[in-house]
Amino acid sequence: AGEDKTSQLRMTYWMDGLDMIADNPVIGVGFGNWLPYYGEHYGATGIEFRADYELPHNIFIYAGAELGLVGLGVFLVMVLATFVINARTRAQARRNRDRFSELMAHGLDAGMIGFLVAGQFVTILYYPFFWVQASFAVALNRAVLAPAAPDVATEARSPTKRAAVARQDQRRSPGMLASRVRSPGA
């Protein structure tokens, strides 16, 4: 942190956030209660009040202060689980020789790392970034683990398949097909 006002404010919020965690370690001050709690216990910071100025600008301190160590722990487990899911996706993609999915899993890991780095300096815990990222990881994993459906168009064009269909059609006589069709009154 530098000597400028923004850096000093950020350090103040981080230290105050760590104090909030120490004072309310298990369940925190409650979801969405950072601002009221901060205003009541720490007062104004000397700048005109704006919600984005008074937030801690760190997702881990924010989670720990609002949700307690329990909530912070759950969040960290979800982050770790996303990396584990991507690792499993890569392993299966390699077995499937699916280079695209393997690279997508690497990209999702890079995106998560970017989110975590950015989260050290902005309060984005409840924004959809993490939740969409985790959803993409799960969706990619499910797609890679799903059995591949046969390509019907390719199968129909193969000479073997065409010959089998032709033999099947020859076995059916016009009378056999007509007996399967019911009249509207039947």
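Worth pointing out:
- Every residue from region 1-45 that is aliphatic (A, V, I, L, M), in contact with an Asp or Glu (Cβ under 9 Å, 6 or more places away or on another chain) and under 18 Å from LEU69 (Cβ atoms): MET20, VAL29
- Residue in region 95-113 that is exposed (fewer than 13 other Cβ atoms within 10 Å of the Cβ), more than 14 Å from the chain's Cα centre (by Cα) and not in a helix (DSSP H, G or I) present: yes
- Some residue of region 55-64 being among the aromatic types (Phe, Trp, Tyr), touching a Ser or Thr at 6+ places or on another chain (Cβ under 8 Å), within 24 Å of VAL117 (Cα to Cα) and at pLDDT 90 or above: yes
- Beta carbons closer than 8 Å, at least 6 apart along the sequence or on distinct chains, pair a first residue in region 105-134 that is free of Cβ contacts under 8 Å to residues at least 24 places away in the same chain with a second that is among the β-branched types (Val, Ile, Thr) and open to solvent by less than 40 Å² (accessible area, probe 1.4 Å) for PHE115/ILE124; ALA118/ILE124.
- Odd one out for VAL77 among (1) within 30 Å of ASN141 (Cβ to Cβ); (2) aliphatic (A, V, I, L, M); (3) touching a Gly at 6+ places or on another chain (Cβ under 6 Å); (4) open to solvent by 80 Å² or more (accessible area, probe 1.4 Å): (3)
- Taken over region 18-37, the criterion of being under 14 Å from ILE61 (Cβ atoms), hydrophobic (A, V, I, L, M, F, W, C) and not in a helix (DSSP H, G or I) is satisfied by VAL29 alone.
- Among the residues making up region 114-125, those that are open to solvent by less than 80 Å² (accessible area, probe 1.4 Å) and closer than 21 Å to LEU9 by Cβ are ALA118, GLY119, GLN120, VAL122, THR123, ILE124, LEU125.
The values are calculated or read from the model by the stated rules, or taken from the named source; none is laboratory data. Computed from a predicted model, the values in this text were never measured in an experiment. Glycine gets a Cβ as well: all are built from the backbone with ideal geometry, and neighbour counts include every protein chain shown. When the accessible area is computed, the model is the full protein with side chains, heavy atoms only, and any ligands, DNA or RNA have been set aside. Shrake-Rupley method; radii C 1.70, N 1.55, O 1.52, S 1.80 Å.
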